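Pasting in a structure now, in structure tokens, and then I'll have a few things to ask.
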Amino acid sequence: MDGVIGERLTNTFRSLFGREDIQLSRTTTANDIKEWDSLMHINLIVAVEKEFRVRFTALEVMSLNNVGDLVDTIGRKVGALKN
Amino acid sequence: MEFVSIGYLCFLAATVICFRISPLHWRVPLLLVSSYAFYFTWNVRMTAALLLVTIVCYFTALQLEAVRGRKTASTLTFLVVSALIAFLAFFKVRPLLCKSCNPLIPLGVSYYTFRLISYLVDVYWGKQRAVREFIPFATYVAFFPQLIAGPIQRESSFLPQLENNGNAKAKILEGSLRMAIGFAKKCIVADNLGLFVGWAYGHLHSGSSLPGLVALYLYPLQLYADFSGLVDIAIGSGQLFGIAAPENFDAPFSAKNITEFWRRWHMTLTSWLRDYVFMPVRMLTRDWGEWGLCLSLSINMLLIALWHGLTLGFVVYGIFHSVFLIVEVLTATRRKKFYSANPASEKTANILGPLYVYHVVAIGSVFFRAPSLGIVTQVFSGLASRFRHVGADLSALVAPPNHHAWIAFPAYILITVVDRYRRRYGFQLPALTPRYLRWSIYGSVTAVWILIGLVLLGSEKGSDPFVYALF
């Protein structure tokens, strides 16, 4: 996945799921990664929050449909912090 | 109108014929009218309540879209979803407060309330657009095959199928076969196992451990055959109208642990609770580490248990399963490391897993089936009795009216094999050649249906009520 956010996000995924072969795209969903279940989803959110030093609301997390949505939400949060 | 009745079969057949011969633009209104007619035969006042909540949720969703992103959206969602939960809770709590009231929850309230809550929350979360046309939306909420006991189908998978119901023709045979499996599970397996379980609960004081063993080991099979049979009839009925529904069971007793069992048992309810209860609660408790995880799992499991009824037995049932879920989740990483270092242990665990699961589920099911905790104690204390009167008890167990009930066991094995084939390959019979084979199958299915009709017509008492139709 391209972009700074995409690269850092891919590393977060690889570290959390313990798999170096994970390749993310904007359309990647939980169905594409075997280990990504409801329990791991929250661990992933916590790991992403730590990595990007942001805090998601419940509504933001529940509205996510795929990795593309996650990248956009991170982008908005990080952008808002910089501004 | 019970599912296992000649009345339902006639109603279904008449609706399917009218559906098939109707012009395409009449089909959805026809399904809506027949669904309300079906519900009307149960309860007139609850039919009005169903219409009212449908109208309220239809307009709420449209309003939610108009105010998306504003504070009003969360307030409106909170108010309407709370009202829906209160509506459902009222019927669950009523038997506790009013002893003379009907203890049974009105038909389908749980299922259509869950559908409406998930629809509104999905619109609020922006995962679903509000449905503009009222008739398809009302048909989704009231679709009669899924009204008694689900499965809980999401609007995103149901509504597109309504728009494309020209494919219904190819599913007539598939639906009929699925319904026939459901009838067999219910009438041959569940009802006959119910005779043994009923006998066991009536003989707990016999001084032998046989009634306790029968109550412990046969009830999970009875419950599974009963509920999955009900769902098979529901899914098969829906297929006759070209509506494919999500599966509710995936060989639950082949699960290797309790976590996997709950992913295979009543799947549409557990996935519904995962999305709308577990995930939001887990989000709120994500800073609490493992305590937050344990709390979220416990709340989720307790809600599954209490949905069946507000009794102490169901509370214990929920806590019992929560303990196993929590232990499994907290030890998952360590077990994974251990198994990767000891592959032979993993193989052994995979073989013993289903045995462990069946025993945990069987013990939990005693709290589910027994009418009080006193009876639960009798079942377990009965297990500690010696096999003193086992000969006499065995004779009583297989005496009339139970003398034909043994048929449940070979039937269960046969149906399990057929079900496994269906899950793996589906019923793609129209693709079969040669023609004589296809028409032999059509003929056999017709003969089975005539047989089912004759049995239902000739039966004096009819089939026992479905256990899950009561929730």
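Where does helix A:4-17 land angle-wise versus the long Cα axis of chain A, in degrees 0 to 90, nearest 10?
Once rounded, the angle reads 40 degrees.
Mind pulling the angle between the C-alpha long axis of helix A:67-82 and the longest principal axis of chain A? Nearest 10 degrees, somewhere in 0 to 90.
On a 0 to 90 degree scale, this one is about 30.
Based solely on its DSSP helices, what 222 nm [θ] is calculated for chain B when runs of n ≥ 4 H residues each add -39,500 (n - 2.57) and the sum is averaged over all residues, nearest 500 deg cm²/dmol? Don't jump to the answer; show the numbers that get you there.
Details: 21 runs with 330 residues, N = 471.
Rounded to the nearest 500, it is -23000 deg cm²/dmol.
Taking the Cα of A:GLU35, stepping 7 Å toward and past its beta carbon, and measuring to each backbone N in the range A:1-28: which are under 16 Å?
Only A:9-24 fall inside the zone, counting backbone N under 16 Å.
Sticking with this structure for a sec: May I ask you to list, by number, the DSSP H helices of chain B whose Cα span along the axis is at least 20 Å and whose average Kyte-Doolittle hydropathy reaches -1.0 or more?
Span-like helices, by this rule, are B:6-21, B:24-40, B:44-66, B:71-97, B:109-125, B:210-239, B:289-308, B:312-330, B:343-369, B:408-425, B:435-458.
Go through B:LYS127/B:LYS171; A:LYS77/B:LYS71; A:LYS34/B:LYS256; B:LYS92/B:LYS256 and tell me which ones have a Cα-Cα distance over 27 Å in this structure.
Result: B:LYS127/B:LYS171; B:LYS92/B:LYS256 exceed 27 Å.
Which of B:ILE117, B:ILE55 has the fewest other C-beta atoms within 10 Å, and how do the rest follow up to the most?
The order, fewest Cβ neighbours first, is B:ILE55, B:ILE117.
Moving to a separate point now. Could you bin all the Cα-Cα distances of the range B:1-163 into 10 Å bins starting at 0 and give me the percent of pairs in each, rounded to whole numbers?
Per 10 Å bin, starting at zero, the Cα-Cα P(r) for the range B:1-163 comes out as 10, 36, 34, 16, 4, 0 percent.
Another question, if that's okay. Would you mind ranking B:ASP250, B:ASP191 by Cβ crowding within 10 Å, fewest neighbours first?
Result, fewest neighbours first: B:ASP250, B:ASP191.
So if we plug the beta-carbon distance of B:SER440 and B:GLU247 into 1/(1 + (r/R0)^6) with R0 = 30 Å, what FRET efficiency do we get, rounded to 0.05?
Here the calculated transfer efficiency is 0.60.
In deg cm²/dmol, rounded to 500, what helix-only [θ] at 222 nm does chain A give when every DSSP H run of at least 4 residues adds -39500 (n - 2.57) and the total is split over its residues?
-19000 deg cm²/dmol
Sticking with this one: At R0 = 35 Å, how high is the FRET efficiency between B:ARG132 and B:PHE40 if r is their beta carbon distance? Nearest 0.05 is fine.
The computed FRET efficiency comes out at 0.85.
Follow-up question, since we're still on this one. Stretch B:ASN350-B:SER254 to full length: gain in nm at 0.36 nm per residue minus the Cα-Cα span?
33.6 nm
Full extension from B:LEU96 to B:ALA399: what is 0.36 nm times the residue separation minus their Cα-Cα distance, to one decimal in nm?
Working: separation 303, 0.36 × 303 = 109.08 nm, distance 3.80 nm.
105.3 nm is the gain from fully extending B:LEU96 to B:ALA399.
For a footprinting-style exposure proxy, rank B:CYS57, B:CYS294, B:CYS10 by other Cβ within 10 Å, fewest first.
Going from least to most buried by this count: B:CYS10, B:CYS294, B:CYS57.
A short reminder: the numbers here are calculations on the coordinates, not readings from a lab. In this text the structure is predicted, and so the values were computed from the model without any measurement. Cβ atoms come from the backbone with ideal geometry, glycine included; neighbour counts cover every protein chain shown.
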